[in-house]
Structures are given as C-alpha cells and as structure tokens.
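The block underneath contains the structure these notes are about, expressed in structure tokens.
No value in this document is a laboratory result; all are computed from the given coordinates. Here the structure is a predicted model, which means the values were calculated and not measured. Here the Cβ positions follow ideal geometry from the backbone for every residue, glycine too, while neighbour counts run over all protein chains shown.
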C-alpha cells in the first residue's frame with residue numbers, strides 16, 4: 001500500500017484498493033462524477049493529459065477493458081499506445097522488465113497493466129522510474145481496482161450512500177479479482193454488511209477475514225439486500241472438480257426473479273460482465289427494471305479518467 | 001474587510017450599469033467558479049437576463065495541472081444552452097494573470113463556437129501575464145504581488161471583498 | 001597442521017560440555033581438550049576469547065547446484081559460503097541436472113568437492129530414476145558410491161504403489177529414505193499457504209492438508225515396511241502432531257524444519273516479494289509457533305538451511321512465476337541463535353539441533369568434540385551484529401527473505417578435517 005502512495009499521501013500508483021484510505025476512494029468517485037458530462041459534450045475531451053504517453057501493457061488479452069482505458073485516456077487528450085503481449089512471446093520476467101525499460105525510455109508516463117499473475121502490477125510498479133505511474137487493469141486473482149471503483153460509483157449513483165447498505169457478492173469469489181477489489185472498497189467505504197454467497201468449492205479459505213459474512217444458501221444470503229453483484233462463472237469451472245454443471249449451478253446460485261424478490265424491493269442488480277445468461281443470471285433479471293448492468297459500462301470511462309488524472313497531476 | 005475597498009454589491013451595480021446599454025436579449029451570461037458564479041448570479045438578476053445562467057469550472061483546463069495536480073473539489077460545469085453562434089458574457093470576480101480567463105475560453109470552445117465573448121470582472125488587479133483585457137470592470141486596482149484580493153460569501157448570501 | 005584454539009567457551013552438546021577451555025588439533029583430529037599435549041608445536045593459535053567453540057555445523061540440506069545448474073551457483077562459491085556459515089558437513093539433495101541417480105555422478109560430485117576447501121559433502125541419492133517417481137534406483141550401488149540416504153527432494157512420488165515398493169526395497173538393506181510430505185494433487189499449482197493471506201493476495205494456495213495427507217500415507221507405509229524414514233521440512237502444526245504421535249508409538253522416524261520457517265509466516269508475504277516464495281510455503285502464525293515449540297520439546301529433531309540458490313532472474317518475476325527457494329547456508333547459525341534467544345532455550349540445546357542431531361540423522365561422523373574425533377569445529381561470535389546483503393554473503397545468490405535484515409551471531413573460524421577452511425575478515 002505504501003508503494004501506491006507518495007510521502008504526502010497522494011496516489012502515485014493504483015494497484016489494489018486494499019489499504020487505500022476512504023478519503024482517496026471518495027476523491028476518485030467525486031472526480032469521476034465531474035468527468036461524467038465530458039462524454040455528453042460535442043468535444044468529448046479535456047486537455048488535462050495532453051502531451052502525456054499512456055501505454056496499455058496487456059499480457060492477458062481483453063478488448064473491453066483495454067478499450068475503456070483507451071477511450072478514457074484519449075478523452076484526457078493523452079497519447080495512447082496499445083501493446084498486446086501474447087503469452088508465448090512473454091513468459092519470463094526478463095521480458096517484462098525489458099519491455100518496461102524500453103517503453104520507459106520512450107517517455108512513457110503511465111503503464112496500464114493486465115497480467116495473469118497476481119502481484120504483476122506490484123512487480124512492475126517496484127521497477128519503474130519514479131515519475132511513472134502504474135494502473136493495475138487486473139492481475140491474476142488478486143485485484144481489479146478500477147472495476148471495483150466503477151462498481152462503487154454505480155452503487156453511489158443509485159443508492160446515494162454506503163453506510164446503510166447490505167451488499168451481496170454471488171459466485172466464484174475464489175477466482176475473482178473483481179470480487180476482492182469490491183470487498184476492499186465496500187468495507188473501506190463503510191458498508192456495514194458485505195456478504196459472499198457461493199458453494200464451498202468457490203469461496204476461498206479465510207475470506208471472512210476480509211470482513212465479509214459467508215453464505216452457502218442463496219435464499220438466506222439475499223434476504224434484505226440492497227445491492228446484488230453477480231460474478232461471471234468461467235467456462236472451465238462449469239464442469240470441474242468444483243462444480244458438476246452450469247445447470248445445477250444456476251438452480252442454486254443463479255439469480256432468478258423469484259430469488260431477487262427476497263432482496264429489498266428497490267435492490268439493484270449488478271454484474272461486472274460479460275454475462276453468462278442462464279448460468280449466473282436469468283435474462284428476465286438481466287434485462288429487468290432492477291438491473292443496472294448497462295450503465296455500469298458508461299461509468300467505467302469516467303472512473304478511469306478520474307484515476308488517470310489523479311495519478312498524473314502534481315509534481316512527482 | 002478593508003476600509004479602502006468598496007462594498008461588493010456597489011461594484012456589481014456599477015458593472016450592471018456599464019453592461020446594460022449593450023446587452024442583447026440573446027446574450028448568455030456564464031460565470032467562472034466560484035467567485036465569478038456569485039457575481040454572475042447577481043448580474044443575471046440585476047440585468048433581468050432572459051436566458052439561463054451558465055457556470056464553468058475550469059479545473060480541467062488549468063495550465064498548472066502538471067505542477068499542482070487536480071483540485072479535490074471539482075464543481076460541475078453547466079451550460080444549459082447551445083453555444084453555437086451565440087454572444088457570451090463571461091464573468092469572473094478577480095482578473096489577475098489572465099490564465100483563468102484563458103482556460104475558461106478554451107473550455108467554452110470545447111462546447112461549441114460562440115460568435116462573441118465579452119469579459120466582465122469585478123476587480124482588475126493588474127499584473128496581467130497574458131493579452132487579456134476586460135470589457136467591463138467594476139474597479140481597477142493595483143494590488144502588489146504579495147497581497148491577495150478575495151471575494152467571499154457569508155452564510156446569509158452577502159458578498160464581501162477583502163485584501164490579505 | 002597443529003592448531004591451538006585458545007580460551008573459547010567450548011559447548012559440546014553430545015558430551016554435555018560447556019566450559020572455557022582449549023582445544024588442540026593435529027593431523028585432522030582433536031588430540032586434546034584442556035591440557036596441552038607434550039611436544040605440541042603450534043602452527044596456528046586461534047584466540048577464541050569471548051567466542052563460542054562448538055562442533056562444526058551439519059546442514060541436512062544444501063544445494064550446491066552442480067552438476068547442471070552452474071548459472072545459479074557453483075561448488076566453489078557454495079562450499080565457501082557453507083564454510084563461512086560454520087558448516088563442516090552437509091547433505092546435498094540429488095535434484096541436480098542430471099539428477100544423482102547413478103553412482104558415477106555421485107562419485108564425480110564427491111571427487112570435485114573433496115578437492116575444494118569447504119565442508120564434507122554427502123550427496124543424497126535419488127530414490128527413483130531421473131526423480132520421475134516411477135522406477136527405483138540402484139540404491140545399493142549408490143550407497144557404495146557414498147549416498148547416506150535416498151530422497152525425491154521436492155518432487156514427491158505421486159504413485160503410492162511406487163512409494164510402497166521403494167520403501168520395501170530400502171528396508172531390505174536398511175537404507176534411509178528422506179521424504180518431504182506433500183500430496184501432489186492437493187498442492188497442484190499452489191504457490192503460497194492456502195489461508196487468509198493467499199486469499200487476500202489472490203495467490204493459488206497449498207493447503208496444510210497437502211502435508212498431513214501425505215504424512216499419513218508415509219507414516220503408515222513406514223509402519224508396514226519397517227523402512228527408516230526421515231521427514232524433511234515439516235511446515236504444519238497438524239503434521240508435527242502426527243509425527244510426535246508416531247514417535248510416541250515407537251516408530252523410528254525423525255524430522256527436520258527449515259530455519260526460514262522458524263521465523264517467518266504467511267503474514268510476511270505482504271508485497272509479493274518473490275524471496276518469500278518457498279517450498280514448503282510459509283504457513284500461518286499458528287503453524288510457525290508450533291514449529292518453534294516443537295524444536296524446543298524435541299518433537300523436531302534438527303534444523304537445516306535448505307539452501308537453494310537461484311539465479312537473480314528467477315526471482316525478478318511476478319511471485320507465482322518465480323523459482324521457489326531461499327539461499328541460507330550462512331544464516332543457519334544466526335537464525336538458530338535468534339530462535340534460542342527468543343524462546344529462552346539454552347545454547348547447548350540449540351546447537352545440538354544443528355550439530356549432533358543432524359550427524360545422527362545423516363549417519364556420519366562429527367557433531368561432537370571428543371578426543372580422537374575428527375577436527376570439524378566452528379568458532380563463532382554470538383554477539384556479532386551484521387546485515388545480510390550482497391557484500392556480506394559469500395553465496396553466489398542473494399535470494400533470501402532476510403535480505404537487508406540485521407543478524408546477530410557470526411562465524412569467525414571454521415576448521416574442517418583439521419584445516420582452517422574459513423577465517424572471517426574481522
């Protein structure tokens with residue numbers, strides 16, 4: 001966490017939401033709010049990051065996240081370079097550090113990093129020159145801080161405040177970096193009850209120590225919830241030693257209108273995407289009035305603009 | 001409050017009197033956060049301007065972003081009208097270096113292309129660093145570099161000027 | 001060469017000696033303790049005032065990286081490092097390239113080591129060919145070539161049937177098996193202890209079950225076959241309890257732990273430091289505390305360094321991609337002393353864990369200071385303060401979790417077979 005902050009407590013890297021003070025999370029959300037209407041204007045740009053070079057270092061492929069970061073950077077008038085490093089050409093750390101050093105020599109100001117290994121963004125942040133900032137766009141199972149933030153932004157937009165909410169995260173928490181980031185954000189922002197719901201095979205050991213209540217029964221876990229976050233179930237988990245089938249999973253842990261009715265009547269349904277209809281979530285719910293899944297996407301640009309602006313401003 | 005400074009509302013009235021003769025009904029008044037918005041609100045009322053009031057936050061257009069970073073409290077810019085081909089009256093409380101006005105104009109042009117922009121300021125304190133001059137000014141004052149002139153708003157809405 | 005070690009505090013756990021006295025060495029043996037022999041013309045006097053004189057340390061696991069892994073370390077550098085650590089005998093795991101599964105390779109390694117200054121090297125033989133866990137090796141031939149025990153190092157046998165037959169074969173001849181209890185299928189691709197910290201950091205976990213399940217199998221097979229088993233690098237509280245119970249039932253089994261696991265736990269993994277990627281992983285505080293207590297009450301028989309030098313590039317990668325293991329042959333002594341200090345354990349009991357006990361487990365001479373025994377001696381300053389870094393370490397590698405940490409206790413002289421093989425600068 002110290003790695004992320006400067007001596008006077010300003011954000012220098014965004015690697016994980018774990019250990020970031022509430023004030024910084026709130027500042028990011030507030031700043032994102034002010035970037036919302038840039039997208040409504042004719043000239044969807046502000047000159048804040050003009051002359052800055054942002055490099056997208058994606059060791060794991062992703063079109064959605066990369067595109068959102070690219071749009072956000074361009075709206076800040078930054079120059080963006082995309083590097084998709086396939087796993088075959090990169091497999092040793094030498095390559096990572098060499099790549100980073102070469103790009104730094106090309107006057108990079110910021111790296112947006114996605115990697116299959118937990119801790120990869122930390123690793124890169126420890127090696128870059130002091131003036132360069134690193135944004136973690138997802139590292140292994142560990143963290144996806146901008147996703148966590150945009151999910152908080154969504155909650156704040158629809159619910160106003162955090163201090164009186166019950167939030168449930170449903171699904172494969174074990175393998176989810178998004179879930180971990182969400183849990184850190186929710187607990188830091190003061191949500192009094194954070195629940196995780198899933199079969200034992202998909203909930204990691206000791207997750208209670210992150211400040212959540214564990215439920216294996218979805219009906220019990222959804223009772224009285226204000227926010228329900230559904231996690232994507234990866235294909236390779238569906239028939240494995242951990243789960244027998246998508247059908248049985250959907251029966252017990254999928255969100256249907258009947259199960260949704262157990263939550264508060266004004267509960268909102270979120271999903272970091274992309275959705276598996278009929279596996280985690282019934283189409284009726286995904287397309288229903290309580291779903292805020294589509295708006296979540298638009299908030300992602302404003303949140304990433306806020307993060308990039310906060311990391312770049314101020315003398316290094 | 002410094003005895004040698006006039007009352008803010010006196011200056012605002014003086015400004016309104018200077019602006020009124022040349023103000024067209026199609027002119028849009030736009031205030032620059034935060035002091036400029038307070039002044040713009042008063043002017044908008046005094047001049048009985050029929051158009052909606054616009055407000056600008058220039059945080060994203062400042063030229064000192066690299067040095068001092070993003071201001072923690074960014075207020076929303078609100079221009080509830082189409083700028084294209086319009087006459088704009090840009091309003092700020094204190095004109096000093098001119099950089100705020102430059103940023104405000106840059107931002108206005110990202111919303112659209114106005115026909116004209118005229119500048120009204122409550123106080124012009126000199127030491128301009130850019131070729132920017134007000135069209136309407138409440139008071140011209142030569143304030144030494146080490147001093148600050150501030151417009152504040154009290155709880156009851158009353159505006160007051162001070163020199164520090 | 002005739003050496004006189006003068007005025008040191010001689011601590012010899014096996015002979016229950018703890019007194020300030022002199023040692024006299026000639027022709028590779030200790031010829032007298034206390035009284036100077038007649039006609040003893042000293043070639044070298046070592047003033048050991050204020051220092052501790054103990055049996056040369058015996059380290060049950062030091063990887064020398066030859067043959068095959070010279071880019072990580074060489075015999076020269078690691079034997080010097082071991083001597084600098086006060087080690088006079090060491091057991092070398094067979095996971096070299098090629099692995100030590102043939103007598104010729106063992107003989108070559110011994111030959112190379114004999115001609116270099118440094119500790120006596122006892123290569124451990126591979127238990128299965130190429131360490132693949134399928135076919136057993138020629139254990140009798142390998143024993144003739146000098147192997148004291150057989151092991152799979154960090155590649156446990158997945159096929160229980162193969163393990164059973166290997167143990168039966170070894171029991172036929174009375175050979176020892178050194179096994180690290182780890183169930184391959186439960187460990188999978190884990191890199192950290194499966195607990196709250198790995199969950200938080202999103203690191204794939206190795207549950208404690210991986211050790212206890214494998215232990216249960218090994219202990220049961222040992223009971224059945226009568227094979228002599230030494231369990232390497234225990235890491236769990238439950239595992240230690242199982243071994244304690246087995247010993248109480250009369251099973252002839254011994255065990256060791258790595259010095260790193262006496263002091264560190266999963267909580268030290270905070271910032272994904274690859275130097276903390278170890279095999280077995282650093283576990284919970286409860287497990288660590290169980291290790292500390294079990295060393296004190298004798299349930300754990302010995303401490304070793306599990307010295308595993310790796311190339312810098314193998315650690316300069318994200319945690320999960322890094323090569324596991326820590327360099328540490330020079331830290332075995334100070335880490336043992338630190339444990340003793342913190343637990344209020346007498347020095348003799350602590351030194352026993354790294355001298356006499358490992359000598360018995362390895363089945364080699366040494367580990368005590370008796371008249372007529374080989375002159376393998378360590379002289380150290382228990383109060384010397386130093387900092388672990390590239391300059392202070394003799395090993396070719398610096399991959400230790402204790403990098404930049406202060407240490408207390410440093411070797412000043414190491415005598416091996418009557419030769420002064422190491423003398424520190426200050």
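Summary of values
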quantity	calculated
Computed helical MRE - 222 nm, chain A, DSSP H runs ≥ 4 contributing -39500 (n - 2.57), nearest 500	-11000 deg cm²/dmol
Shielding score for C:319-327, defined as the mean number of other chain Cβ atoms within 10 Å	3
Between 0 and 90°, nearest 10: helix C:285-297 axis offset from chain C longest Cα axis	40
Global form of the protein assembly as shown, assessed from the alpha-carbon gyration tensor, a/c cut-off 1.5	prolate
Length-normalised contact order of region A:145-296 in % [C-alpha pairs under 8 Å, at least 6 apart]	24
Whether region A:56-208 is rounded, prolate or oblate, judged on the alpha carbon gyration tensor where a/c under 1.5 counts as rounded	prolate
Shape category assigned to region C:109-166 from the gyration tensor of Cα positions, a/c cut at 1.5	prolate
Relative contact order %, chain C, counting alpha carbon pairs below 8 Å whose residues are six or more apart	21
Value at 222 nm in deg cm²/dmol, rounded to 500, when DSSP H runs of n ≥ 4 in chain B each add -39,500 (n - 2.57)	-7500 deg cm²/dmol
Burial ranking of peptide ranges B:123-136, A:130-143 (average Cβ count within 10 Å, highest at the top)	A:130-143, B:123-136
Part-to-part distance (alpha-carbon centres) for region B:89-164 and region C:169-205, which is given in Å	71
Peptide B:60-71 - average C-beta neighbours from other chains (10 Å radius)	6
Peptide B:47-56, shielding by other chains (average Cβ, 10 Å cutoff)	0
Relative contact order of region C:72-168, defined on C-alpha pairs under 8 angstrom at six or more residues apart (%)	28
Viscosity 0.692 mPa s, 37 °C: Kirkwood-radius Stokes-Einstein D of region A:145-296 over Cα pairs, µm²/s	218
Span from the region A:137-176 Cα centroid across to the region C:362-426 one, whole angstrom	52
Centre separation in Å (Cα based) which lies between region C:301-345 and region C:1-34	30
Between helix A:93-105 and chain A: long-axis angle, C-alpha atoms, 0 to 90°, nearest 10	50
Nearest 10 degrees, 0 to 90: helix C:103-114 Cα axis against chain C principal axis	30
Relative packing of C:196-202, C:57-63, C:220-226, A:242-248, which averages over residues the other C-beta atoms within 10 Å, highest first	C:57-63, C:196-202, C:220-226, A:242-248
Ranked by how many other beta carbons lie within 10 Å on average, peptides A:32-45, A:291-304 from highest	A:291-304, A:32-45
Helix-derived mean residue ellipticity, 222 nm - over chain C, DSSP H n ≥ 4, -39500 (n - 2.57), to 500	-8500 deg cm²/dmol
